Amino acid sequence: MKNYYRIMLGAKSIFAKESHDGNFIGAGFFGNRDLTGKFPEDWRQFNREFIPLYLEEYHKTKIAAGLACGMLYTISKGILIGDIVLCPDGQGNYFIGEVIGNYEYKQGQNLPHQRAVRWLPRVLKREEMSDSLRNSAGSIGTVSDITKHANEIESFISGNRPSLISANDETIEDVSLFALEEHLEEFLVKNWHHTELGKHYDIYEEDGEIVGQQYPSDTGPIDILAISKDKKELLVVELKRGRVSDVVVGQIQRYMGYVKEELAEKGQSVKGVIIAFEDDIKIHRALAVAQNIDFYTYKIHFKLEKKENGTKGSQSKNKN
């Protein structure tokens, strides 16, 4: 099965042209180490070996170390030959390429851990994407798995007009809510400090950049990973996205377990929050016997403004 990834080629796509001209994607962490033969089949083994080395060499947090090592493994080993990558060029467009080679170490280059890529002549403009794909492709972080948008991406490659709303996940029971809540994550991130959660938590940042959106874990990406303002608690935020209630509760518990065991520093606790469009008795029942998970709902407010003198009315939206 073919997978699809968004890959940032350096901070703010600074090495995008270099990578495109050289027909490769790459990563820069541990740039002085040839990692040939260092990638086991299980990425957890790679993390167990290299996270301590990263902490020692870069003096960062466990969260930063997990993100960096996960990214390095994905680019070097996790992405398979035949997978498709979308790489922003820094000017609002995305290069589209097919991975055609295994890991190679190119000493002295800006991104020395490389994979050969056959770039397609098709350059994808950001405005051509559906809102859902645009949000996924624009998420913070070096690597983002965008396989859920496979149909739309393949439509771009073939030149056919894509369907703007699709949901292939069998756990989704309400496609319309799924489409709506695809926008909720981006709204929450942009307006975090105006929300109730933003009063007590900050979305996790590293070196001034948000890394807590779609943070990778061993059971899938965490929608939002935040930290309390006193740095004593990590918060896992999961959006229901129209999915079956039991799936959402089980998923956030797995995420919280990962954060507690792999990311939390000594003395840090872990809390969870589920956000849904409407109240859900099934979630209430499940959370009655679950610890440290809160349940929030959100509302969308519309306001109509009448224009005088026969001018056309307008409609504005306020989301809270």
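The values are calculated or read from the model by the stated rules, or taken from the named source; none is laboratory data. This is a predicted model, so every value here is computed, not measured. Neighbour counts run over all protein chains shown; Cβ positions are idealised from the backbone, glycine included.
What to note about this one:
- When D83 is tested against (1) closer than 27 Å to S155 by Cα; (2) at pLDDT 95 or above; (3) touching a Leu at 6+ places or on another chain (Cβ under 8 Å), only condition (3) is not met.
- Contacts under 7 angstrom Cβ, first residue in region 219-245 being among the charged types (D, E, K, R), partner assigned to a loop (DSSP other than H, G, I, E, B) and surrounded by fewer than 21 Cβ atoms within 10 Å (Cβ to Cβ), 6 or more apart: K229/H200; K232/G267; K232/Q268; E233/Q268; R243/T171; R243/E173
- Condition check for K62: under 21 Å from G208 (Cβ atoms) and either at pLDDT 95 or above or basic (K, R) (or both): yes
- Scanning region 98-144 for residues that are touching a helix residue (DSSP H, G or I) at 6+ places or on another chain (Cβ under 8 Å), over 18 Å from M8 (Cβ atoms) and among the aliphatic types (A, V, I, L, M) yields a count of 1.
- Inclusion of F29 among residues that are in contact with a Leu (Cβ under 8 Å, 6 or more places away or on another chain), modelled with pLDDT of 95 or more, among the aromatic types (F, W, Y) and not assigned by TED's automatic domain parsing to the domain that holds E265 is not warranted.
- Counted residues, region 61-97 - those being assigned to a loop (DSSP other than H, G, I, E, B) and touching a helix residue (DSSP H, G or I) at 6+ places or on another chain (Cβ under 7 Å): 3
- Selected residue [farther than 22 Å from I222 by Cβ, of a type in the set (V, I, T) and touching a residue at least 24 places away in the same chain (Cβ under 8 Å)] from I84, I63: I84
- The number of residues in region 180-203 that are at pLDDT 90 or above and either in contact with a helix residue (DSSP H, G or I) (Cβ under 6 Å, 6 or more places away or on another chain) or of a type in the set (A, V, I, L, M, F, W, C) (or both) comes to 4.
- Criterion (touching a Leu at 6+ places or on another chain (Cβ under 6 Å), outside the structural domain of K62 (by TED's automatic domain parsing) and at pLDDT 85 or above) met by exactly one of G242, G212: G212
- Restricting V249, V273 to those that are at pLDDT 85 or above, of a type in the set (V, I, T), touching a strand residue (DSSP E or B) at 6+ places or on another chain (Cβ under 6 Å) and within 25 Å of V189 (Cα to Cα) reduces the list to V273.
- Boolean, K190 is out of contact with any strand residue (DSSP E or B) (no Cβ under 9 Å at 6 or more places or on another chain), under 22 Å from G138 (Cα atoms) and either of a type in the set (K, R) or in the same structural domain as Y58 (by TED's automatic domain parsing) (or both): yes
- Odd one out for N102, checked against (1) in contact with a Phe, Trp or Tyr (Cβ under 8 Å, 6 or more places away or on another chain); (2) over 25 Å from I210 (Cα atoms); (3) in a loop (DSSP other than H, G, I, E, B): (1)
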